[in-house]
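The values are calculated or read from the model by the stated rules, or taken from the named source; none is laboratory data. Nothing here was measured: the structure is a model prediction, and the numbers come from that model. Positions of Cβ are backbone-derived with ideal geometry, glycine not excepted, and every protein chain shown enters the neighbour counts.
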Amino acid sequence: MVGDRPAGGTDLPARTRAAYDAVAHDYADLPRDELAGKPLDRALLAVLAEQVQRRGGGPVGDLGCGTGRVAAHLAGLGLDVVGVDLSPAMLRVARRDSPGLPLAVGTLAALPLADGVLAGALAWYSVIHTPPALLSGVCAELRRVLAGGAPEPPERTRQVYVSAVREEHR
Ligand SMILES: C[S@@+](CC[C@H](N)C(=O)[O-])C[C@H]1O[C@@H](n2cnc3c(N)ncnc32)[C@H](O)[C@@H]1O
């Protein structure tokens with residue numbers, strides 16, 4: 001395995017990037033108001049905000065932020081959010097819709113962030129494109145950028161993920 005590429009050489013990030021670059025404009029309109037109708041999602045995000053703020057605050061990464069709708073929501077909860085995404089076109093929409101939000105192009109497997117810089121991290125429907133064999137690399141990268149590190153996902157979580165995420169989402 002090399003970086004984001006599984007053995008066999010398929011460049012999955014390039015394929016995923018091309019797909020999101022192609023749909024970025026339409027995607028911006030699809031889920032824009034989705035959180036308004038999802039109280040459980042908002043509750044989860046509120047817990048993240050509360051946990052980060054209770055520990056003194058600090059930057060929170062929205063990793064695979066797409067058009068930045070969740071990053072904007074978290075900023076509205078008082079968090080200091082930085083967004084990272086593979087797709088420059090998705091980030092262009094994010095810049096348009098949420099001017100002033102710090103955003104960077106990068107991959108989950110090699111985040112453009114310094115060691116220990118984040119007080120919290122969120123990967124909201126973004127690891128769905130990562131093949132199971134590459135997940136531990138993404139987790140190691142999360143541990144690297146989080147100030148307090150991060151636990152390994154339990155084996156049961158991996159099994160559920162592997163059976164729940166279908167090939168066409170990768
Ligand atoms: C389903 S969208 C979700 C976007 C956003 N989190 C939201 O909920 O609106 C998945 C996003 O993850 C990004 N993504 C997928 N694989 C990635 C990777 N390996 N590194 C960085 N971003 C990735 C895609 O470019 C896309 O913007």
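Values as computed for the structure displayed
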{"item": "Single unsatisfied condition, A49 versus (1) closer than 17 Å to V127 by Cα; (2) in contact with a helix residue (DSSP H, G or I) (Cβ under 8 Å, 6 or more places away or on another chain); (3) outside any strand (DSSP E or B)", "result": "(1)"}
{"item": "Failed criterion for R166 (all others in (1) at pLDDT below 90; (2) crowded, with 17+ Cβ neighbours inside 10 Å hold)", "result": "(2)"}
{"item": "Selection within segment 82-91 - in contact with a strand residue (DSSP E or B) (Cβ under 7 Å, 6 or more places away or on another chain) and part of a helix (DSSP H, G or I)", "result": "P88, L91"}
{"item": "Close pairs (6 angstrom Cβ cut-off, 6 or more residues apart or separate chains): over 16 Å from R96 (Cα atoms) in segment 19-31, within 9 Å of the ligand (Cβ to nearest atom) and at pLDDT 95 or above anywhere", "result": "Y20/S87; Y20/M90"}
{"item": "Qualifying positions in segment 82-130 - small (G, A, S), away from the ligand (no atom under 15 Å from the Cβ) and free of Cβ contacts under 8 Å to residues at least 24 places away in the same chain", "result": "G100"}
{"item": "Count of segment 62-81 residues which are among the hydrophobic types (A, V, I, L, M, F, W, C), in a loop (DSSP other than H, G, I, E, B) and within 12 Å of the ligand (Cβ to nearest atom)", "result": "1"}
